[in-house]
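Working notes, structure below.
Just so it is clear, none of the values below were taken in a lab; they were calculated from the coordinates. Bear in mind the structure is a predicted one, so any value in this text is a computation, not a measurement. Cβ placement follows ideal geometry from the backbone for every residue including glycine, while neighbour counts extend to all protein chains displayed.
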């Protein structure tokens, strides 16, 4: 568990399904422009079980560290953040991805969560470089990354299939020495 002043982060568990489901459904329109398309199975309990199992396997293999973000005052799920695509060897780097429920966006929860994941990545996992990518017109995401000290490195053309379309992304990075 990673603890901040207003949020705490912990590994997702099966018991989170109902809270996660409600937040994802109510935030669907808010999130769909920024995420891969979800099918009906992704939101079902069986799909969530599969997701949790994959999270556990990835964490055990040191490939990915997913966290759910909870508001400390009432233990309400506000979003998620993942340190994934971890590459060891000469690179020692990973990719940050995140999502926020619509009603919690713009309240600083994701900023605090990101500022908890960064020292975890550098100090606990001994990574050297963190990367994050976002769609060029995702102003909130750009501001979040810049506020956390990430630097814009360039454009990744047709990088990810988001909302059913291949989309360009801006690449940001943060080095352990930054």
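Below, the figures for the structure above:
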| item | result |
| --- | --- |
| Among (1) crowded, with 19+ Cβ neighbours inside 10 Å; (2) without any contact (Cβ under 8 Å) to a residue 12 or more places away in the chain - the single one residue 90 does not satisfy | (1) |
| Filtered residue count, the range 22-44, keeping only those that are exposed (fewer than 12 other Cβ atoms within 10 Å of the Cβ) and part of a helix (DSSP H, G or I) | 4 |
| Flag if residue 106 is buried (at least 17 other Cβ atoms within 10 Å of the Cβ), under 24 Å from residue 138 (Cβ atoms) and touching a residue at least 24 places away in the same chain (Cβ under 8 Å) | no |
| Residue that is nearest to residue 112 (Cα to Cα), among those in the range 135-161 that are loosely packed, with under 12 Cβ neighbours inside 10 Å and touching a strand residue (DSSP E or B) at 6+ places or on another chain (Cβ under 7 Å) | 154 |
| Test: residue in the range 46-57 that is in contact with a strand residue (DSSP E or B) (Cβ under 7 Å, 6 or more places away or on another chain) and touching a residue at least 60 places away in the same chain (Cβ under 8 Å) | no |
| Candidates 173, 100, 73, filtered to the one that is touching a helix residue (DSSP H, G or I) at 6+ places or on another chain (Cβ under 6 Å) and either over 16 Å from residue 35 (Cα atoms) or buried (at least 21 other Cβ atoms within 10 Å of the Cβ) (or both) | 100 |
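Yes or no, residue by residue, for (1) under 16 Å from the mean Cα position of the chain (by Cα); (2) without any contact (Cβ under 8 Å) to a residue 12 or more places away in the chain; (3) within 25 Å of residue 11 (Cα to Cα):
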{"residue": "112", "(1), (2), (3)": "yes, no, yes"}
{"residue": "127", "(1), (2), (3)": "no, no, yes"}
{"residue": "156", "(1), (2), (3)": "no, no, no"}
{"residue": "161", "(1), (2), (3)": "no, no, no"}
{"residue": "165", "(1), (2), (3)": "no, yes, no"}
